[in-house]
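Values in this text are rule-based calculations from the coordinates and carry no lab data. Worth saying up front: this structure is predicted, and the values here are computed from it rather than measured. Every residue, glycine among them, receives a Cβ derived from its backbone with ideal geometry; neighbour counts consider all protein chains shown.
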Amino acid sequence: MIPFNARSTFLMAPALAWLTALMVVPCALILALGFFRRGVYGGIEYTFTLENFALLGDPLYAGIFLTSARIAGTATLIAVVIGYAAAYAIAAAPRHRQPTLLFFAVLPFWSNYLIRTYAWIVLLNREGLITQGLRLIGYEGEPPSLLYTEGAVITGLVYNYLPFVILACYAPLSRMNPELAEASRDLGASAFTTFRRVILPMTVPGIAAGAVFVFVLSIGNFITPALLGGGRFQMIGNLVYAQFLTANDWPFGAALSMALIALMMGLLTLQAFVAERAGGRGPSDG
Amino acid sequence: MSHLAFRLRSLLAGAATLGLAAGPATAELVISNWDGYMAPDAVANFATESGEAAEMVVHATNEEIMGKLIASGGAGYDVVFVSSPFAEVLRNLNLLEPIDPAKVPNLANLYPEATELPHDPGNTFSVPYAWGTTGLCYRSDLVSPEPQSWNDLLHPAEAQAGKITLLGTDRWLLAAGFLAKGYSVNETNQAKIDEVEADLIEAKKTMLAFDDTTFYSKLVSGEATLVHAWDGWCNYGITENPAIKFAVPTEGSDLWVDTMVVMKASQNKDGAFKFINYILDAKNHAWAAENILYKVPNKPAMESLSAEMSATYPNMAMTPAELLKLEQLRDVGDASRAYAKAVSAIKAAQ
């Protein structure tokens, strides 16, 4: 019998090698790139500089960070409200129906992200299905401008990331002991108080996990603002994309990526903290 | 132009083959071109005809292939298709092999104008493959009076507001602004760049979207009525709806030239010249004009096109002399950073 430590090292090795080769090394390379200068012709000039990181404070780029945070924040809020309600409904459904309902919730993941996003273009464009539907019921005015708006970008983000919130909130909701809610009501709490004081606190870790997922994926997204925003909205993801693929300013693109990764790591740490605090508060798993 | 604009198709193909396309394999001759920019069997036919082993790889944008060429010093590639400003950069980085006219006899097929292009008179380091311009592509049945100025695009009449798209790529987006003001498309003066930035931010209020890839389908559906377009891509709209027309604005426009270059690091330069010579053959070069609907700078190839073609697609009837009156896009050196920043500011403005 192999001793426990040796065996776990052996079992961990492939995953660790994978992470090191495909995560740690590339990230370290990107970080290093951020400290060099862009050559006149787009190459990299190997002179140490902090100017790429200093540029992050430029009002233009700082403003793009804020816009991205606003769009991602709005999408997160909407996704959490809709997703929590859906997860609650699924958890409250008869046990044998729940797998089917969850299956429908994650069904969109079976198709490609780009195709799902294109479907929204088909729906929302000025000559799209919504306009045609309106005309069918007798509407004759100017078609509504739904596509290429901030609303369209937020809709796309919410739609694509909603299943994460549903899954994250469903887990604690389904594990919750129904007797706790009963006890709360027996002790005289209203349904709302029971939800606010008993159910909600126990599901905070799920909400936090879902929210961080949506926010992190949204703030770095570049496909949705490009397609549903028609390029009219510049998010950090688009800016990073532009530095690497059109401006050929890899060092600045690297600095932007690092700032984004730092932001995401901060949020994930916060989420872990929330989860731990909520977990340590009392018997949450019934 | 099929390239700077990443087509969705290329994007999907690129995403699927990202790992595979990154490094060319061991085949002797490696040719990199935009996806769909030459006959799908061109490389295979060349290989059969010449006996050279050849492989084709694709790039989605100039910038993508530039990144690879600069990183590898050009190693791993033999013939590369890039737009002329990028060919200039490669030449400045000393990565290009001078073109040996003795090994490319079909250079004689080029129009005289194509051998005296401002970026490379005498074709010393690049051979033009396709050329054209940018202008207004519109629904003549929905836009009246018919647009003729860059200002019709940037500051449109009420009826066109919200039904306009602009190219989102740095050089062309700013070119629309420069040309509207009568400036050079290669302007490097910061004050003028700032002025055009402000003007384009203003123009954003009356536009529908930035679009480099699907503008012609927006015209066909009627979602847009007036778009900023490359001449050849406007043709894709004309094919579907003859009411779509293309016009070069009265202020003039840019001349873009896509070229073929040979890398200095090539291990088979003779083979590379043979390939360029193969493409310059009138029959092979005509394929691009017939199928991609862009003009090629090849006299016998253009003369072989049917009269019907230049009647249907007016850009195909533009003469080289007319094209050369337009200002060629040149490398702007360090000003490209200012361009990139201006474009970010335009796109981020609310």
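Taking B:R337, B:R171, B:R139 in turn, the Gaussian network model of chain B (Cα-Cα springs below 10 Å) assigns the largest fluctuation to B:R337.
Across A:A189, A:A275, A:A254, mean-square fluctuation computed from a Gaussian network of chain A (C-alpha pairs under 10 Å connected) peaks at A:A189. Measuring r between the beta carbons of A:Y139 and A:A13 and using R0 = 51 Å, the FRET efficiency lands at 0.20. For the pair segment B:182-246 and segment A:172-246, the centres of their Cα atoms are 39 angstrom apart. Only helices enter this figure: runs of n ≥ 4 DSSP H residues, each worth -39500 (n - 2.57), summed and divided by the residues of the protein assembly as shown, yield -16500 deg cm²/dmol at 222 nm to the nearest 500. Since only A:C169, A:F192, A:F109 are under comparison, the one whose Cα sits farthest along the positive direction of the charge dipole of segment A:49-280, derived from C-beta charges on Lys, Arg, Asp and Glu, is A:F192.
Shown for A:Y159, B:Y294: other C-beta atoms within 10 Å of each C-beta, ranked fewest to most, produce the order A:Y159, B:Y294.
Distance between the 7 Å Cα→Cβ label points at A:E45 and A:F195: 6.1 nm.
For chain B, the longest principal axis of the Cα atoms and the long axis of helix B:335-348 meet at an angle of about 40 degrees. When only alpha carbons are used to place a centre, segment A:33-77 and segment B:62-100 end up 27 Å from one another. In terms of the mean number of neighbouring beta-carbon atoms within 10 Å, the peptides A:30-43, B:40-53 order highest first as A:30-43, B:40-53. Per the Debye formula on identical point scatterers at the alpha carbon atoms of segment A:82-155, with no solvent, log10 I(q)/I(0) at q = 0.11, 0.27 Å⁻¹ is -0.46, -1.12. Here the contact order of segment A:49-280, divided by its residue count and restricted to Cα pairs under 8 Å and six or more residues apart, works out to 28 percent. In straight-distance terms, cross-link reach from B:K204 covers every one of the lysines whose alpha-carbon lies under 30 Å from its own, apart from those fewer than eight places away in the same chain; here that gives B:K163, B:K181, B:K192, B:K218, B:K245, B:K325, B:K341, B:K347. Give me the lysines in straight-line cross-link reach of B:K103: C-alpha distance below 28 Å, same-chain residues under 8 apart excluded. Within reach: B:K68, B:K264, B:K269, B:K274, B:K283, B:K295, B:K299. The ratio of the alpha-carbon radius of gyration of segment B:131-270 to the globular-protein estimate 2.2 N^0.38 Å is 1.15. Of A:I115, A:I82, A:I199, the residue with the greatest mean-square motion in the GNM of chain A, using alpha carbon springs below 10 Å, is A:I115. Take each residue of peptide B:337-349, count the partner chain Cβ atoms within 10 Å of its Cβ, and average: the result is 6.
Per residue of A:33-41, other chain Cβ atoms within 10 Å of the residue Cβ number 3 on average.
Other residues with beta-carbon under 15 Å from the beta-carbon of B:K283 carry, at +1 per Lys or Arg and -1 per Asp or Glu, a net charge of -4. The three principal axes of the C-alpha atoms in segment B:42-115 carry coordinate ranges of 32, 31, 20 Å, sorted with the longest axis first. Take every pair of alpha-carbon atoms less than 8 Å apart whose residues are at least six positions apart; their mean separation over the length of segment B:154-270 yields a relative contact order of 31 percent.
Going from the fewest other Cβ atoms within 10 Å to the most, the residues A:W120, B:W287 appear in the order B:W287, A:W120.
Once you treat every alpha carbon in the protein assembly as shown as an equal point and sum by Debye, what is log10 I(q)/I(0) at q = 0.10, 0.11, 0.12 Å⁻¹? One equal scatterer on each Cα of the protein assembly as shown leads to -1.00, -1.15, -1.31. For chain B, averaging the sequence separation of C-alpha pairs within contact (under 8 Å, six or more residues apart) and dividing by the residue count gives a relative contact order of 27 percent.
Note on the protein assembly as shown: dipole from Cβ charges, positive end direction compared against A:G237, A:L11, B:N33; the farthest Cα belongs to A:L11.
Under 5 Å from the amide H of B:Q328 lie the amide H atoms of B:L255, each residue being 5 or more positions distant or on a separate chain, with H modelled from the backbone and absent for Pro and chain starts. Dividing the convex hull volume of the alpha carbon atoms of segment A:49-280 by its residue count gives 172 Å³ per residue. Remark: mean inter-chain Cβ contacts per residue of A:226-237 equal 5, using a 10 Å Cβ-Cβ cutoff to other protein chain atoms. Relative intensity of chain B on a log10 scale, I(q)/I(0) at q = 0.10 Å⁻¹, equals -0.59, per a Debye sum over C-alpha point scatterers of equal strength in the absence of solvent. Taken one residue at a time, the phi angles of segment A:161-172 give Karplus couplings (6.51, -1.76, 1.60, θ = phi - 60°) of 9, 3, x, 4, 5, 4, 5, 5, 7, 5, 4, x Hz. Gly and Pro are set to x.
Under the simplified labelling scheme, the B:A108-B:K192 pair shows an inter-label distance of 4.2 nm, with each label point 7 Å from Cα along Cα→Cβ.
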